[in-house]
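**Student:** The structure under discussion is supplied below as structure tokens; questions concerning it will follow.
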Amino acid sequence: MAVRRFYLCCLMLGSLGSLCILFTIYWMQYWRGGFAWDSSNLQFNWHPVLMVTGMVVLYGAASLVYRLPQSWVGPKLPWKVLHAALHLMAFVLTVLGLVAVFKFHNQKHINNLYSLHSWLGITTVFLFACQWFLGFAIFLLPWAALWLRNLLKPIHVFFGAFIFSLAIASVVSGINEKLFFSLKNSSKPYSSLPSEAVFANSTGMLVVAFGLLVLYILLASSWKRPEPGVLTDRQPLLRDGE
């Protein structure tokens with residue numbers, strides 16, 4: 001049952017992740033005018049889409065690579081490469097998302113990095129960059145000694161979950177901030193809960209649900225990759241699904 005529950009959670013995770021991205025795109029397209037790359041308001045609209053796709057959905061998927069039962073057997077290197085590649089894709093999208101918002105701010109003469117949302121976001125991206133380069137140098141390249149990998153592995157795992165949690169907080173605060181600014185001079189302010197606010201708040205709740213499910217799968221001990229020597233006791237689970 002453990003493996004069946006895992007794949008059921010993965011199905012739910014894929015559905016939630018897809019909804020997070022589609023809801024964010026729809027919000028920006030329907031209520032905020034769509035997308036462009038010309039330093040206008042439409043360029044800003046890429047920021048939430050790229051951040052949700054990169055720092056939340058792709059990052060969450062990359063974090064769960066070692067929870068796949070297929071990764072418990074055979075060589076670990078292909079899974080390391082997949083783990084690093086997905087995180088790199090998430091980082092590239094994140095950088096593009098930052099470029100979009102910085103170019104928009106600079107064009108409109110708006111100060112950068114003044115809000116709590118921006119502080120959370122830039123801290124998340126900085127820690128993510130450090131985490132990726134450290135993981136690449138220590139765990140993917142062959143030069144690091146085994147004792148060093150064993151020493152840094154718990155730290156790497158902890159900061160992976162910590163950075164993901166920061167990303168969720170950044171996205172939720174960003175949704176809230178965007179609604180305040182966009183609806184500030186509207187005939188239907190945020191406090192009246194217009195349809196855009198309902199939809200954007202729902203998007204934020206989807207992001208939170210996705211994040212909680214990722215953290216649940218990460219913390220569930222029955223789904224963690226077994227250590228060498230323990231694998232043989234758990235292999236029947238992979239064959240029988242019990």
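**Student:** I'd like to know which of Thr123, Leu193, Val49 lies farthest towards the positive end of the charge dipole of the chain, counting +1 on Cβ of Lys and Arg and -1 on Cβ of Asp and Glu.
**Tutor:** Most positive-ward Cα: Thr123.
**Student:** Taking 8 Å as the Cα distance limit and 6 or more residues as the minimum spacing, I'd like the relative contact order of the chain as a percentage. Intermediate results must be reported in sequence, preceding the final value.
**Tutor:** Numbers: 239 pairs, mean separation 76.1, N = 242.
About 31 percent, as a whole number.
**Student:** Further question: When the Cα centres of the range 159-210 and the range 7-36 are compared, how far apart do they sit, in Å?
**Tutor:** Taking the Cα centre of each part, the range 159-210 and the range 7-36 sit 13 Å apart.
**Student:** Can you send over the carbon and sulfur percentage of the accessible area for the chain, probe radius 1.4 Å, protein chains only? Each step should come with its number before you reach the end.
**Tutor:** Working: 9200 of 12860 Å².
C and S fraction of accessible area: 72 percent.
**Student:** Stretched out fully, how many nm does the piece from Leu215 to Ser18 gain, at 0.36 nm a residue minus the Cα gap? Show your work: numbers first, answer last.
**Tutor:** Values: separation 197, 0.36 × 197 = 70.92 nm, distance 1.74 nm.
Taking Leu215 through Ser18 to full extension adds about 69.2 nm, to one decimal.
**Student:** 222 nm [θ] for the chain, helices only, -39500 (n - 2.57) per DSSP H run of 4+, per residue, to 500?
**Tutor:** Calculated at 222 nm, the ellipticity per residue is -23500 deg cm²/dmol.
**Student:** Tell me, what is the FRET efficiency for Ser222 and Cys10 to the nearest 0.05, using R0 = 22 angstrom and their Cβ-Cβ distance as r? Provide the component values of the computation, followed by the final result.
**Tutor:** On the way: r = 14 Å, r/R0 = 0.65.
Step by step, r from the Cβ atoms, then E = 0.95.
**Student:** Once you have all Cα-Cα distances for the chain, histogram them in 5 Å bins from zero and send the whole-percent values.
**Tutor:** 1, 6, 13, 17, 17, 14, 11, 8, 6, 4, 2, 1, 0, 0
**Student:** At 1.4 Å probe size, what's the solvent-accessible area of Tyr66? Round to the nearest 10 Å².
**Tutor:** 50 Å²
**Student:** In a shell of Cβ-Cβ distance under 14 Å around Pro194, excluding Pro194 itself, what net charge do Lys and Arg (+1) and Asp and Glu (-1) give? Mind showing how you got there, number by number?
**Tutor:** Details: positive: Arg32, Lys178, Lys184, Lys188; negative: Glu196.
With Lys, Arg at +1 and Asp, Glu at -1, the neighbours total +3.
**Student:** Here is a further query. Which of Leu77, Ser202, Tyr216 sits farthest toward the positive end of the charge dipole of the chain, with +1 on the Cβ of Lys and Arg and -1 on the Cβ of Asp and Glu?
**Tutor:** Leu77
**Student:** By average Cβ neighbour count within 10 Å, what is the ranking of 88-95, 7-14, 110-117 from highest down?
**Tutor:** Numbers: 88-95: 18.5, 7-14: 14.2, 110-117: 12.2.
Per-residue Cβ counts within 10 Å, averaged per peptide and sorted highest first, yield 88-95, 7-14, 110-117.
**Student:** Which pairs in the list Lys103/Lys178; Lys108/Lys184; Lys80/Lys178; Lys108/Lys178 are over 27 Å apart, alpha-carbon to alpha-carbon? Walk me through the numbers on the way to the answer.
**Tutor:** On the way: Lys103/Lys178 17 Å; Lys108/Lys184 18 Å; Lys80/Lys178 37 Å; Lys108/Lys178 16 Å.
Cα-Cα > 27 Å for Lys80/Lys178; rest within.
**Student:** Still on this structure, I have one more. Could you state the orientation-averaged shadow area of the convex hull built on the Cα atoms of the range 100-142, in nm² to one decimal? Numbers along the way, then the final one.
**Tutor:** Details: hull surface 14.5 nm².
Spelled out: convex hull of the Cα atoms, projected over all directions, averaged, 3.6 nm².
**Student:** So, counting K/R as plus one and D/E as minus one, what does the shell of residues with Cβ under 13 Å around Tyr26 add up to?
**Tutor:** 0
**Student:** Across the Cα atoms of the range 37-176, what radius of gyration and what greatest pairwise Cα-Cα distance (Dmax) are found, in Å?
**Tutor:** Radius of gyration, then largest Cα-Cα span, for the range 37-176: 16.8, 54 Å.
**Student:** As an exercise, take the mean of 1/r over every pair of distinct alpha carbons in the range 150-189, invert it, and state the Kirkwood radius in angstroms.
**Tutor:** Values: mean 1/r = 0.0809 Å⁻¹.
Hydrodynamic radius (Kirkwood, Cα pairs) of the range 150-189 is 12.4 Å.
The values are calculated or read from the model by the stated rules, or taken from the named source; none is laboratory data. This one's a predicted model, so the numbers in the text were calculated from it and none came from an experiment. In this analysis, Cβ positions are derived from the backbone assuming ideal geometry, glycine residues included, and neighbour counts consider all displayed protein chains. Heads up: the accessible areas ignore ligands, DNA and RNA and are worked out on the full protein's heavy atoms, side chains in. Shrake-Rupley method; radii C 1.70, N 1.55, O 1.52, S 1.80 Å.
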